[in-house]
Amino acid sequence: MQIERIPVLSDNYVFLLYDPKQKIAAVVDPAVAEPVLKRIQALSLDLIAIFNTHHHADHVGGNRKLRQRFPELLIYGGVEDKGRIPGQQIFLQEGDTVEFAGRKGQIFFVPGHTRAHIAYYFPPVTAEETGELFCGDTLFAGGCGRLFEGTPSQMVNSLGKIRALPDNTRIWCAHEYTLKNLKFALTVEEDNNALQARYQSVKYDRDRGIATVPSMLGVEKQTNPFLRWDAPALQAFTNDKNPAKVFGKLRGMKDLF
Ligand code: ZN
Ligand code: FE
């Protein structure tokens, strides 16, 4: 399974999964159709699936146009998103699996950003491979999604499922927000050496227009404050130990940052 990142709109990433041998493709969260169609054409692929993480327009905006061009494709999304994802045919819940190009994807129910959000996790098949997590707007590189339809405790529970995955999991999140996220992270955990180093390297990349997605989950665990509700430094900073409270305070500050 090959994965390509297609930058669209101001800061969205659409992910194209494909198998060059079978000439089939699947797309994660097509905000728009045109750039996806262009890549699919260039690679002579048949688009067979759309994997949506949640119903926001910058994730599903290309669904209908893609299906007009590929009428047989199947549109997947969370069961709780019924009625909100254009053209949705498959309604997924925690524990379900999807298949693409011989890889099995596990579905995680990760409410918080929206009440219906799901993530797709493709575990590694061989020892050399990484796991691949498509998490939409739940976890970002250095940050997490805003709580539009969920509570801090729901989001901690959702992020806890992601945090339990192996360190060598690539995080394919849907936006290039990393630099701003890390700027915020430094304001709440300034003595974190791994975070300081990551900020410098992301700053270097962004100054040169280089994408910072995917990131590795192992790095997120060390540097992303929204996965670190039990880090002593963040418990001290928020003056709390309850995971949902620590997380909620940090999320509230980030909303105003
Ligand atoms: Zn969203
Ligand atoms: Fe989004």
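Does the range 75-94 contain at least one residue that is within 19 Å of residue 1 (Cβ to Cβ) and either out of contact with any strand residue (DSSP E or B) (no Cβ under 6 Å at 6 or more places or on another chain) or modelled with pLDDT under 95 (or both)? Checked the range 75-94: no residue is within 19 Å of residue 1 (Cβ to Cβ) and either out of contact with any strand residue (DSSP E or B) (no Cβ under 6 Å at 6 or more places or on another chain) or modelled with pLDDT under 95 (or both).
Looking at the range 38-46, is at least one residue modelled with pLDDT of 95 or more, within 15 Å of ligand 2 (Cβ to nearest atom), hydroxyl-bearing (Ser, Thr, Tyr) and in a loop (DSSP other than H, G, I, E, B)? Explain how you work it out, then say what you get.
Pass one, the range 38-46, residues modelled with pLDDT of 95 or more: 38-46.
Narrowing further to those that are within 15 Å of ligand 2 (Cβ to nearest atom): none.
No, the range 38-46 has no match at all.
Within the group 30, 7, which residue is in contact with a strand residue (DSSP E or B) (Cβ under 7 Å, 6 or more places away or on another chain), within 16 Å of ligand 1 (Cβ to nearest atom) and within 26 Å of residue 162 (Cα to Cα)? When all the criteria are applied, what remains is 30.
Residues that are under 18 Å from residue 167 (Cβ atoms) and at pLDDT below 95 were ranked within the range 101-145; the one that is surrounded by the most Cβ atoms within 10 Å (Cβ to Cβ) is 129. Residue count for the range 56-80, restricted to those that are over 19 Å from residue 34 (Cα atoms) and under 17 Å from the mean Cα position of the chain (by Cα): 3.
Please tell me if residue 87 is surrounded by fewer than 21 Cβ atoms within 10 Å (Cβ to Cβ), in contact with a helix residue (DSSP H, G or I) (Cβ under 7 Å, 6 or more places away or on another chain) and among the small types (Gly, Ala, Ser). So residue 87 fits the description; yes. Flag: residue 185 matches the condition of being in contact with a strand residue (DSSP E or B) (Cβ under 8 Å, 6 or more places away or on another chain) and farther than 24 Å from residue 3 by Cβ. Residues in the range 117-156 that are aliphatic (A, V, I, L, M), in contact with a Cys (Cβ under 8 Å, 6 or more places away or on another chain) and under 17 Å from residue 54 (Cβ atoms): 119, 139, 155. Yes or no: residue 81 acidic (Asp, Glu), more than 16 Å from residue 17 (Cα to Cα), in contact (Cβ under 8 Å) with a residue 60 or more places away in the chain and within 16 Å of ligand 2 (Cβ to nearest atom)? So residue 81 does not fit the description; no.
Consider the range 155-164 and keep the residues that are farther than 24 Å from residue 75 by Cβ and crowded, with 19+ Cβ neighbours inside 10 Å. The one that is nearest to ligand 1 (Cβ to nearest atom) is 155. For the structure I just gave you, tell me whether residue 112 is touching a residue at least 40 places away in the same chain (Cβ under 8 Å), small (Gly, Ala, Ser), closer than 30 Å to residue 251 by Cα and part of a strand (DSSP E or B). So residue 112 fails the test. Restricting attention to the range 73-82, the residues that are more than 24 Å from residue 162 (Cβ to Cβ) and in a strand (DSSP E or B) add up to 1.
Table: residues versus (1) away from ligand 1 (no atom under 16 Å from the Cβ); (2) part of a loop (DSSP other than H, G, I, E, B); (3) not acidic (Asp, Glu).
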position: 84; (1), (2), (3): no, yes, yes
position: 87; (1), (2), (3): yes, yes, yes
position: 99; (1), (2), (3): yes, no, no
position: 104; (1), (2), (3): yes, no, yes
position: 107; (1), (2), (3): yes, no, yes
position: 127; (1), (2), (3): yes, yes, yes
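The values are calculated or read from the model by the stated rules, or taken from the named source; none is laboratory data. Computed from a predicted model, the values in this text were never measured in an experiment. Positions of Cβ are generated from backbone atoms using ideal geometry, with glycine treated the same way; all protein chains shown enter the neighbour counts.
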